[in-house]
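What follows is a single structure, written as structure tokens, with notes after it.
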Amino acid sequence: MSQFDKSLFPNLMVGEFASEGDLIQLITDDEDEDQSKEPVSDELPILSVRNTVLFPGVVIPITVGRQRSIKLVKNAQKGNKLIGVCAQRNPNNDDPSWEDIYSVGTLAKIVKMIVLPDGNTTIIIQGKKRFSIKEHISDDPYFLAKVEYLNESFPKSSKKIEALEESLKDAATKILHLNPDIPQEAQVALDNIDNTAFLTHFLSSNVNASVESKQKLLEINDGLDRATILLELMLKDIQMLEIKSEIQKKVHTDIDQQQRDYFLRQQMKVLQTELGEEGPEQEVEMLRKRGEEKDWPAEVAKHFNKELDKILRINQQAAEYPIALNYAETMVDLPWNEFTQDNFDLKHAKEILDGDHFGLDKVKERIIEYLAVLKLKNDLKGPILCLYGPPGVGKTSLGKSIAAALGRKYIRMSLGGLHDEAEIRGHRKTYVGAMPGKIIQNMKKVKISNPVFVLDEIDKLSSDFRGDPSSAFLEVLDPEQNSHFMDNYLEVDYDLSKVLFIATANSLDTIQPALRDRMEIIQVTGYTQEEKVEIAKRHLVPKQRKEHGLKAKDIRFSKAALVKLITDYTRESGVRNLERAIGKVIRNVAKSIAMEEEYDPKIDPEAIRRILGTEIFDRETYEDNSTAGVVTGLAWTSVGGEILFIETSLSRGKGKLTLSGQLGDVMKESAVTALSYLKSRAESLEIDHRIFDQYDLHVHVPAGAVPKDGPSAGITMVTAMASVFTQRKVKAKLAMTGEISLIGKVMPVGGIKEKILAARRAGIKEVILCRKNRRDIEEIDEQYLKGIKFHFVDRVDEVLDIALLDSKVERPLKFNLVSEESKRD
């Protein structure tokens, strides 16, 4: 009996357990034929085995551990030592029934039985012949069945059989050469087999195939068909081994460099461990652990873990490694559904807003409304507020107060001069120096998903060849879209819907219409003199005193001193210049204290004039009405309302109209329209029509270095021209604003509140407005309107009746007019 090691076909799994079995014996044809002539019974005890199929003529060891199987073996050992061996359908079933074993098996003889120290029994069995179970007799204490033996039908030797046998041996030989785990001695055992039936059974038992495939081979009665199917299985195994060998060869070509890199990395890892530094695996594992703690969407978590797996595949020395690592760190540093608790105490919020800002009632009311709805609903998409008004009125600082009132964190992002779209949407991470946009950067900085986000100076966005940032803001500032904001660097959706965005702007004209449509515009107007005094007392003086290291006892401002500062040195809509002026006064006092000089801590108007010098603004210039043709108008600018002078003069000429003062197209058109209207109404206004042909008219707006434009100077232009043509003075302390049509209709204009504040600052007592602007006056607080009389008109005639005095100037211009007849003569 020749011996054959199991390693010839390492995938063979024998016995009741896959780990057992290390012997396969080849039985010669003579021995097999002699033993097959032994008389056998048609009643056989059935032993179920796992993970193997026994073929006739093959010897295998089996470890028996189940009580039912041990009883069967011991009983057979006492008798004729013959048992039936059938394979289990499910190898994991520890207590199989008749339905769990195949009905075709192999008659086997127990060649030897060995009892192991652990209580298990190992038997060596030899396959005899195939059988089929016909009747189940008993299953206790072990399986007993009535069987029918199946005859082998291998044809006699022929060229086809010989060719098939050679093919099987060649395939087996090729497997031996392709599989380095099989010892070369196996080739000797294979060459000793010269029986086709046994060769088929031996190779069937050892082929790398599943139990189901081997069982199908056992159930085939025709030996030629069995050998043919066996050859197909072996050829498939050869193909797999060839592919495996080819892959190993390709890998082997780079194994030296890989080994070198591996050893170097291992040395680096040891050094990093000794130095207390972290390697890539530790960094990735730390990031993965932090990612598991994040409350982010499933899609984001999947994308994040995929990026971490990619980092592990990148060489640490490659340029892509720090890029991928920075990207993963950015994702895990961002706040995902991490919120601060909103403070729903509305009284507390109102106290904070009132304490930080004097006035601004409309803005405060809107914030209280937002907080009230959030308190009732407990879920509200962040509104997009736009605070619009002149500089220095507290738009930016108001955002900080709103954050304090809500109990949220505060972010401010300045947009002045921003002209690159990538500053908003970020760069794609494949670019050199790529980074997320400023929106995501600020969210990463604040570490909270619902801050108050102030977008400062949104009207000063610009665009160039790198894109249009204002268009990029369309998604950021749209409550219906910003829940899925896509940053180019981040590559996943980020939710901005819980952020309270507050934009600030000095002018709405430069804001893109689509962007303006996404925001709720809240106008923040300038302050009256009384409000400025209160703001200075409550906020500006204490702030500047603290910044300059002074105490309350060191300096005291009287109300009259603050009024002088406001009226004579800082005539503006906001309070920025007022704060600077207060700072100058406090610095002067600080110098005296530091030099230990005598000084008066009480600041009065005389002290203001001594410290700041002569007054910058002179109110008398705003009251001059001694000359015909000079009219005071009201204008709106980005820094608030201003008064505007229109000066006109006549000179001998041919009726030419000259405009100066750097006027825009709209104001030029207003002047032309006004002159045309006066020509059409010359007779009713008692204007000699010959003046229009024999005198040139010059219209000038002082401060020629400042560009001026807008539809507010129409009635001012026509009044100034009518005054100079008729030589009638304009009523003192009167200002006006409004546009005119060619037929003399007065049309409404905007910016009424800023203009009214400018009129108050200039000491104006009467204001002429279009009748349709009455609704704007009704919305203004009464404290802004004190001391001003309003005239609401519909036509230019009414304007002239109110503005022009009946008496002419003291030394009227004498017109030397030439009649048409004199011209002809």
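Values as computed for the structure displayed
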{"item": "Normalised alpha carbon radius of gyration of segment 346-523 [divisor 2.2 N^0.38 Å]", "result": "1.02"}
{"item": "Whole-Hz ³J(HN,Hα) from phi, Karplus 6.51 cos²θ - 1.76 cosθ + 1.60, for segment 67-72, glycine and proline x", "result": "4, 4, 6, 5, 4, 4"}
{"item": "Between 0 and 90°, nearest 10: helix 298-313 axis offset from the chain longest Cα axis", "result": "70 degrees"}
{"item": "Volume per residue of the C-alpha convex hull in segment 530-612, rounded to whole Å³", "result": "80 Å³"}
{"item": "Residue-averaged 222 nm ellipticity for the chain, from DSSP H runs of 4+ at -39500 (n - 2.57), nearest 500", "result": "-12500 deg cm²/dmol"}
{"item": "Viscosity 1.567 mPa s, temperature 4 °C, Stokes-Einstein D of segment 276-333 from Kirkwood C-alpha radius, µm²/s", "result": "112 µm²/s"}
{"item": "Calculated from backbone phi, Karplus (6.51, -1.76, 1.60) coupling profile of segment 346-361 in Hz, x at Gly/Pro", "result": "5, 5, 4, 4, 5, 5, 5, 5, 5, x, 7, 9, 8, x, 6, 4"}
{"item": "Debye intensity ratio in log₁₀ form over the Cα atoms of segment 484-598, taken at each q of 0.10, 0.13, 0.24 Å⁻¹", "result": "-0.53, -0.70, -1.31"}
{"item": "Net charge over other residues, Cβ less than 13 angstrom from the Cβ of V332 (K, R count +1; D, E count -1)", "result": "-3"}
{"item": "Per principal axis, descending, Cα span of the chain in whole Å", "result": "158, 79, 55"}
{"item": "Cα Rg, Dmax, segment 707-792, angstrom units", "result": "13.1, 39"}
{"item": "In segment 141-228, GluC sites (Glu not before Pro) in a DSSP loop with at most 10 other beta-carbon atoms within 10 Å", "result": "none"}
{"item": "Centroid-to-centroid separation of segment 157-171 and segment 138-156 [C-alpha atoms, Å]", "result": "29 Å"}
{"item": "Overall dimensions of segment 561-679 by Cα: Rg and Dmax, Å", "result": "21.7, 71"}
{"item": "Residue-count net charge about T396 - beta-carbon cut-off 10 Å; Lys, Arg +1, Asp, Glu -1", "result": "+1"}
{"item": "DSSP beta bridge pairing in the chain, given as percent antiparallel to the nearest 5", "result": "60 percent"}
{"item": "Cβ crowding within 10 Å averaged over residues, with 557-566, 608-617, 122-131 ranked highest first", "result": "122-131, 557-566, 608-617"}
{"item": "Distant-in-sequence amide H partners of Y695 (H built 1.01 Å from N, under 5 Å)", "result": "G653, G655"}
{"item": "Of every Cα-Cα pair in segment 619-808, the percent that sits beyond 28 Å", "result": "18 percent"}
{"item": "Degrees separating the helix 196-206 axis from the principal Cα axis of the chain, which is the longest one", "result": "40 degrees"}
{"item": "Rel. contact order, % - alpha carbon contacts under 8 angstrom, at least six apart, segment 619-808", "result": "27 percent"}
{"item": "Percent antiparallel among DSSP beta bridges (both partners in segment 619-808, rounded to 5)", "result": "55 percent"}
{"item": "Cα-Cα over 31 Å, subset of K447/K753; K591/K708; K729/K772; K350/K498; K537/K765", "result": "K447/K753; K591/K708"}
{"item": "Low-density loop positions, GluC sites (Glu not before Pro), segment 283-319 - DSSP coil, at most 15 other Cβ in 10 Å", "result": "E293"}
{"item": "Integer Hz, Karplus 6.51/-1.76/1.60 couplings in order for segment 321-336, x for Gly and Pro", "result": "4, x, 5, 5, 5, 4, 4, 5, 5, 4, 4, 7, 7, 6, x, 10"}
{"item": "Between helix 752-761 and the chain: long-axis angle, C-alpha atoms, 0 to 90°, nearest 10", "result": "50 degrees"}
{"item": "Cleavage-rule hits, trypsin sites (Lys or Arg not before Pro), segment 646-697, DSSP coil, Cβ neighbours within 10 Å at most 11", "result": "K654, K656"}
{"item": "12 Å beta-carbon shell around E642, net charge (K/R +1, D/E -1)", "result": "+2"}
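Values quoted throughout were computed directly from the atomic coordinates according to the rules given, and no laboratory measurement underlies them. Just so it is clear, the structure is predicted and the values come from calculations on it, not from any experiment. Note that we place each Cβ from the backbone using ideal geometry, even for glycine, and neighbour counts take in every protein chain shown.
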